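Remarks on the structure that follows.
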Amino acid sequence: MAVFVDLNIRQTSDKNLLRKTIEIAAHLGYSTIAVNYVIEFQDKKQNFIKPIPVNDLFNSLPIVQGKSKPIRVLNRLTVVVSDAVQCIELRATSPHIRLYDIVAVLPKTEKLFHTACMTLDVDIICITVTEKQPFHFRRPPVSGAIERGIFFEIIYSHATKDSTMRRYTISNSLSLMQICKGKNVVLSSGAEKPLELRGPYDIANLGLLFGLSEGDAKAAVSTNCRAVILHGETRKTAMGVVYTMKKNQTLLDKEEDEVTHPLSKRMKT
Amino acid sequence: MATNVKDKDAYLRLNFLYQAAHCVLATNPENVELARFYCHTEKNISKRLVLRQDPSVKRTICKKCCSLLVPGVTATVRQRKCRQRQRKTVVRCLSCGKTKQFLNNPSYVLWGDRPESQPQYPQSQSKQVATQKPPVNSKTAR
Amino acid sequence: MALAYIATKEHSPQESKQAKAFIDSFLKRSLHNLQEEEIQRHTDYKAVVLEHKYNGKKTQKKKKSKGLSAKQKREMKLFHLKPEQQRSVFLPLNELWKQYIRDLCNGLSPESNPQMIQSKLLKADFHGAIVTVTKSKCPSYVGTTGIILQETKHVFRIVTQHDRLKVIPKRNSVFTVEIDGFITHVYGSKFQLKSSERSAKKFKLKGTIDL
Amino acid sequence: MAAHHTPISVGKASGKAKTVQTKTSFNNPYNICWSPLERENMHYILEILQKRFKELGLQKKEPPTRKRRPRICTKGQKGDNKDPEEGSWDVMQEVPMESSEEEQHQGWSNLEVRKQLAIGINEVTRALEKDELGLVLVCKSVKPVHMTNHLIQLSCSRAVPACQVPRLSENVSALLCLKSVLALGFMRNSESFVNEINAIIPKVPPLKVPWLDQTTPQQDVVQKDPETPAKETVQCVAPDGDVKLRGSQKRKNDEVTGTKQDSDISQVTLHPLKIKRVVPNPAKIRKQKGNKKKK
Amino acid sequence: MYMHLEQCPRHLLVCEKSNFTNEKSRHGIHVQSHYFNYQVNMLIPECAVLPSELNALVNSFEKYYLVKNVPVYELVEQQFIDRFVKKGSVYALSYNTQIDQDNTVALLPTGTLILSVDKDTYEELGLEGKSSQYSHKAVMRYVITVDLKSLVPGTAKNKRVMWALKEKLLVKCDFLIMWNSPGDEDFSLSTHFEKYQCKEHAPAVSTKVLRDLPYPVIQSCDLRGNPEKSCDASEFMEWLGAVTSEIECNNEASNFLSTFCCPEPSSVMEKAYLCTVTGFLLPENICKLLEQLCHYFDEPKFAQWTSLTVHGFADSPVSWGSAEHGFHKGGENFYNFVVFKNRDYWLQMAVGSHDGCPP
């Protein structure tokens, strides 16, 4: 399997809490994490938060436990979408999207779920875990999403908080598994505090609870996450065919001490 | 001067391909297939993007096997006789044997080469000159 | 018994080798049209028409010459490159390509942003570019470098340093082209188009850049 | 015909600039033409030729009046065997046949000199292809131009000095009493014209064919010393076979390309794009424009 | 939906019964072919002090070196091959690299270099390799084997390997390296790797004497164990695991940690000597230890049996010989010798859940 990834660490205003969470994640063995900025579209024009460049979060990135390489931090944007008009903002060319490595969407209604699966240019579709799933998953949108290489994300930190959330998480994910049979599923924490993080192997075991087979569960934490990151990476290339960057940047990558400010084009693949 | 041409990139590409074909032929005359491939691609692009090529370019490309007609390397040029009076220049492509014939008619000028075909030419004169239709003879290769 | 001119006349030493090349290729080409026996037939006997048969004014219908059928093209091996190519011969081609790309992206200055270059390169021509295979599902392709001579739908034909013509499939491999301080990764599997169609096709973002 | 017209506003006094529909087309980047010849060079060359031809007294003798085909018409002869005396067209060019040995009383005064010359476009072209010429002179009065343009590339690729001399045809044809001489070529190792060639060659401006010059710039086009031992070229002219030379010597051209150093690569320049704007030809008969709604 | 939950992941335990004296016994090969050993536990019942030879042996494990940030092409360098690989046997294993996440490298004494790399590196490296059998649906891991002894300096293969590991993609990792030299070593590993902060480590030895330890009664003849008289081998293995990880197996109510109790029929030994050695251990040393254990029973002793457990590295790309080491959740690969008085022995080999069957 590829390296362990946690795609959802909630971005909080105070920095040291975020820094502590990332250190704990590194200690647990995650080699890549994504700091998640959530956008709710209550008022009309909610300004987009610029992702804070990582180098002022840490002067030196924490070393992953059991490995000698530092942890890799990405930026992720999650847009909670309740009506169609907000989808325009999700076009690939909009300036805000370009700042983020991964783009996720949390559709509220069935119709939006369908558009998200079939047309929207996103990497992850989040599954609501905090309350009853408002709509049933139907096969065509899900299989369309799988074919387009879009992943469904299940957040487990709510399940650890209290029993009602746990019930909803499990029921929602089970209904999803019936449709997608364990394909294209990603497990991530969505943790605000360092306490809510769990080790990668425990999450793989937890996957069994959500209806994933053993192999799928482990893939959900490693291989599928790698595919999500690559899908995000493709958005930077010209239509996924040509991908140009400055020469000196690749030399920078060679020493692996690359700085992940939003515009840096890290040669991942 | 061609700043605002619609698909300038495609024209640039045609220009490159045409000169690449020549360059390949110049460095290694044996390499006709490659030059032919470049002209073939060039023809395809201009067909697909509906770009017009000037007769001076089209006259150097064989219609049948679209190889570059360079007199002395890939083509032979002869003056031949057609009807009693008339004489013609025949360009024969060596690889496929297709011939291009140009009548030796001193008064015939291609429309493109005519002065009034240029846009800057004041419109007034162009009316009368154009009335005297150039003798369009079918044999002349467009 | 092919009647052969023995052009053994001795040219003046300053006679350029280049001219030699032109003449040889010209002669070689014009020779192979007529096979041996044809020349034989040509020279030995001449058909004599005994009585003058006048078959009326045969209106020579101007048959619009239809182009070569695909089968004929294949037989004539129109685009079949000879295996032995010389890399040094194609260096001018590469130089030409560099100038083309510079014109295309109107001057590759360090600060011109890669985004614009990317979209331009998408529709640009890659003949004559020096390309290296950096990643590929089949690792033995990795590391081959050469000048692209021909780009067909599925394959790049490149000539490598030691003058060998190599055929590299585009599928499942990533090529890098380097010009003026910009490295371009070309993902072969999404590039499976004839080079002429590429400039006409509108690309849709599908799939990931993973092999 | 979906010609995408790019409206060009033609600056006109009348208020609304009438936009003229123009069709853009990709123009040939190279323009291959004869390099200009200075005036005194032209005169100098013409004098030398006139002097030389007078001395040689090479005359074109008319065959006796009865009309018979003086030349043997050779089968499959590609060359144009037009009867010399016929043809009143003002543009007529001589295609005197390569005289074969049996027909002694040819239309030419002396034969050896005639063999060292290539007169007429076709003969010059064929000789150039066989690379037997040391110098090529073309008349400027040729119309249309494409008849002799191919000689530029031919001579440049064979590294043979060539140039266009205005009024060549009137001077020389008078001397040789031919209708007109559009192209004149001197054999590489001709004895009688040796000093003429030497004299003319330095005067001949170098030919520039853009795509050819790139790869062979360092090779000097002009110097040609005809004094090379004129080894009689074994030239068995096939009595009636195709005149085209059967290439017998296959010379590996790798030593040709091998010798080229990298120095010349830098000279390869990409000619800038030339776009030609053409006003559509009003005279051209269009398919019924009426029923095909314009826009 | 819960069918995955019922069946707990499968485990593989291979038990063999044989005698040291009969020549077909394969105990030598098993020990020899298990190249990378992390820990050895020796349990001798009814003895408080270790006999002198055993003691000497336990402390005589060779020292090994931890070299930081070594590019892999150093191992392929011709100089390294001639000096070390060709003379004696070199054991090298990449340290601090997870087998299922990043690239791990192992150099076997037979001279083969094994690189188990992930998908990205494999595609970029340019060395031919096989896809690993244990990857889930999408193949994420490839195994490249390079036979160093057959690398002739001038050949294209050698150049290709050097080019791939040097210019194409610089693969770097920390190494545990050990050289079993045939004696006349004029250069040593530390001098060879001094520019890579080479530190020398010695295996850590810890001994413990256990008092009145309940133990299951076993007979050397029946592995399955008949109901009253003796236990079967797997129960004995579990008990041994509990002892070595110091879990009391008396199942008192107050003990929250484990409800494990000693398998019946059991009796009590009043004292037992437990010695553990951890570090980068050579199979040769373990072989010597095993022979010494056999001689332990030359003089009459109270103990019926003694046991020797050897744990392999969890993250090593190979377990036995050059067989690929499958890794899903746990990467255990260990074997255990139970030596009886009459020179009989039980050999038990156990592997993780998603792994091939041990040889």
How much length is gained on full extension from residue D:38 to residue D:50, taking 0.36 nm per residue of separation minus their Cα-Cα distance? 2.5 nm
What is the distance in Å between the Cα centroid of the stretch E:171-237 and that of the stretch A:1-20? 39
Can you give the net charge of the other residues whose Cβ lies under 12 Å from the Cβ of residue E:224, counting K and R as +1 and D and E as -1? -1
Could you tell me the calculated FRET efficiency between residue D:198 and residue E:287, based on Cβ-Cβ distance and R0 = 60 angstrom, to the nearest 0.05? 0.05
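If we sort D:183-196, B:61-74 on the protection proxy, mean other Cβ atoms within 10 Å, highest first, what's the order?
Details: D:183-196: 21.0, B:61-74: 23.3.
Highest-to-lowest ranking by the protection proxy: B:61-74, D:183-196.
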Taking Cα atoms only, helix E:233-244 is inclined relative to the longest principal axis of chain E by an angle, in degrees rounded to 10, of 80
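Which chymotrypsin sites (Phe, Trp or Tyr not before Pro) does the stretch E:223-329 hold that lie in a coil by DSSP with at most 14 other beta carbons within 10 Å? Walk me through the numbers on the way to the answer.
Working: sites: E:236, E:239, E:256, E:260, E:273, E:280, E:296, E:297, E:302, E:305, E:313, E:320, E:327; in loops: E:256, E:260, E:297, E:302, E:313, E:320, E:327.
Those that pass, being in a loop and sparsely packed, are E:256, E:302.
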Simple spin-label estimate for residue D:111/residue A:208, 7 Å along Cα→Cβ, in nm, reads 10.8
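What GluC sites (Glu not before Pro) does the stretch E:29-86 have in DSSP loop regions with at most 11 other beta carbons within 10 Å? Before the final figure, lay out the partial values.
Details: sites: E:46, E:53, E:62, E:74, E:77; in loops: E:46, E:62, E:77.
Listed in order of number, the matching sites amount to none.
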Stokes-Einstein translational diffusion, the stretch C:62-211 - Kirkwood Rh over all Cα pairs, 1.306 mPa s, 10 °C, in µm²/s: 94
Cα centroid separation, the stretch B:25-64 to the stretch C:162-211 (Å): 23
Net charge dipole size for the stretch E:64-201 [Lys, Arg +1 and Asp, Glu -1 on Cβ; Debye, nearest 20]: 300
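Just to confirm the filter: which GluC sites (Glu not before Pro) across the stretch D:26-61 are DSSP coil and have at most 14 other Cβ within 10 angstrom of their Cβ?
Working: sites: D:38, D:40, D:47, D:55; in loops: D:38.
Here the sparse-neighbourhood loop sites are D:38.
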With a Förster radius of 41 Å, plug the Cβ-Cβ distance of residue C:140 and residue E:32 into 1/(1 + (r/R0)^6) and report the FRET value to the nearest 0.05. 0.75
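Nearest 0.05, what FRET efficiency do residue E:53 and residue E:248 give at R0 = 45 Å with Cβ-Cβ as r? Could the numbers behind the result be given before it?
Details: r = 32 Å, r/R0 = 0.71.
The calculated FRET efficiency here is 0.90.
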Of all the Cα-Cα pairs you can form in the stretch E:64-201, what percent are over 28 Å apart? 15
Measuring from label point to label point, each 7 Å out along Cα→Cβ, what is the residue A:143 to residue C:178 span in nm? 4.7
Testing the spin-label approximation: label points 7 Å from Cα along Cα→Cβ at residue E:139 and residue C:28. State their distance in nm. 4.3
Filter on B:64/C:194; B:63/D:274; A:69/C:201; E:86/E:168; C:206/E:168; B:63/C:137 - keep pairs with C-alpha separation over 32 Å: A:69/C:201; B:63/C:137
Tell me, what is the percent relative contact order of chain E, built from C-alpha pairs under 8 Å that lie six or more residues apart? 31
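Please give the net charge around residue E:127, taking every other residue with its beta carbon less than 15 angstrom from that of residue E:127, where Lys and Arg add +1 and Asp and Glu add -1. Intermediate values should be presented prior to the final figure.
On the way: positive: C:135, C:137, E:119, E:130, E:141, E:157, E:159, E:160, E:166, E:168; negative: E:118, E:120, E:123, E:124, E:128, E:147, E:167.
It works out to a net charge of +3.
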Within the stretch A:185-217, what residues put their amide N at less than 11 Å from the label point 7 Å along the Cα-to-Cβ vector of residue A:63? none
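All of the numbers you see were taken from the coordinates with simple rules; none came from a lab. Because the structure is predicted, anything quoted here is derived from the model rather than measured. Don't worry about glycine lacking a Cβ; one is built from the backbone with ideal geometry, like all the others, and counts go over all protein chains shown.
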